[in-house]
Amino acid sequence: MKHFTDRVAAITGAGSGMGRSLALALAREGCHLALADRNAATLTETAKLARAAAPDRIGAPLTVTTCVLDVADREAMYAWADATVAAHGRVNLVFNNAGVALSSTIEGMEYADLEWIVGINFWGVVHGTKAFLPHLKAAGEGHIVNTSSVFGLFAQPGMSGYNATKYAVRGFTEALREELDLMRCGVSATCVHPGGIRTNIAQASRIAKNMVGFMIEDEQQGKDDFEKFFITSADDAARTILDGVRRNRRRVLIGRDARAADWLARSLPAAYQALVVWQTRRMRRIAQRHARGHALENEA
């Protein structure tokens, strides 16, 4: 798909972050939008910004529809897919972008938290893919973009739930792309691996109490330290993703951190784990020193 003018794109997680940036970038190219998010207020704001970003076109205004949606809800996702085609006439692009983060040890992880993250990060991608794929094939031209992560390339202690979902998205999407290639149905797929993107995912993440004293000194410090690794803007990420769609890339790496992680995992497919453990221990000692320093300041 070389251009997006007059195409129809469905985007989950459109209320903020990469989802919003994708919506605005596509709107500027004259792409009609079906936007979904759990947060009604931020979703409405994205729709407003998208309409304002669209080029002036006499007689053919940009069509933007919204749906407050939990991607883990299979029936709701299928209903949204049908409603999108009913409102727009067709759909050409699907961005399964919605995602959440969870930090916990495996030993201390609650099953409820694991089910929560799997429901959104993995099942949300499955639901979006299966609900929209027949519509994409009917349109004769389509592309599915599924968001994995740099943590779909290498593992990290304390992130097993997140790792599991993002590795699953990677495997699912790569198999999907192979099947679509065999079908020659006009539909393709791309797996996206963002590194640290400046969004609110860190502050909105769940951090289990078992992480305190194991890898972090307190929950807010853990979120703040995680956020320090966010080096790429959501707008830059959106541009990279859309360029990947135009080039029909199988995999899109976003940010120099993602490219470095990919290189490390390819070069040291098993040995990289020891490097991660060494770096984590080093960072934990730094966090502990900072915590002790803050405690002494408070006592003074």
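The values are calculated or read from the model by the stated rules, or taken from the named source; none is laboratory data. Nothing here was measured: the structure is a model prediction, and the numbers come from that model. Here the Cβ positions follow ideal geometry from the backbone for every residue, glycine too, while neighbour counts run over all protein chains shown.
Numbers for the structure displayed
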quantity	calculated
The one condition in (1) in contact (Cβ under 8 Å) with a residue 60 or more places away in the chain; (2) surrounded by fewer than 24 Cβ atoms within 10 Å (Cβ to Cβ); (3) assigned to a loop (DSSP other than H, G, I, E, B) that LEU24 fails to fulfil	(3)
The lone exception for TRP263 - which of (1) within 26 Å of the chain's Cα centre (by Cα); (2) aromatic (Phe, Trp, Tyr); (3) at pLDDT below 90 it fails	(3)
Failed item in (1) more than 20 Å from GLU141 (Cβ to Cβ); (2) crowded, with 20+ Cβ neighbours inside 10 Å, with ASP73 passing the rest	(2)
Subset of the stretch 132-149 [within 15 Å of the chain's Cα centre (by Cα) and either surrounded by fewer than 21 Cβ atoms within 10 Å (Cβ to Cβ) or within 19 Å of LEU114 (Cα to Cα) (or both)]	THR147, SER148, SER149
Matching residues, the stretch 4-25, being farther than 19 Å from GLY128 by Cα and out of contact with any helix residue (DSSP H, G or I) (no Cβ under 6 Å at 6 or more places or on another chain)	THR5, ASP6
Odd one out for ALA76, checked against (1) touching a residue at least 12 places away in the same chain (Cβ under 8 Å); (2) touching an Asp or Glu at 6+ places or on another chain (Cβ under 9 Å)	(1)
From the options GLY99, GLY108, residue that is in contact (Cβ under 8 Å) with a residue 12 or more places away in the chain, out of contact with any Leu (no Cβ under 7 Å at 6 or more places or on another chain), in a loop (DSSP other than H, G, I, E, B) and surrounded by fewer than 15 Cβ atoms within 10 Å (Cβ to Cβ)	GLY108
Tally of residues being free of Cβ contacts under 8 Å to residues at least 60 places away in the same chain and either buried (at least 21 other Cβ atoms within 10 Å of the Cβ) or farther than 16 Å from VAL8 by Cα (or both) across the stretch 27-37	5
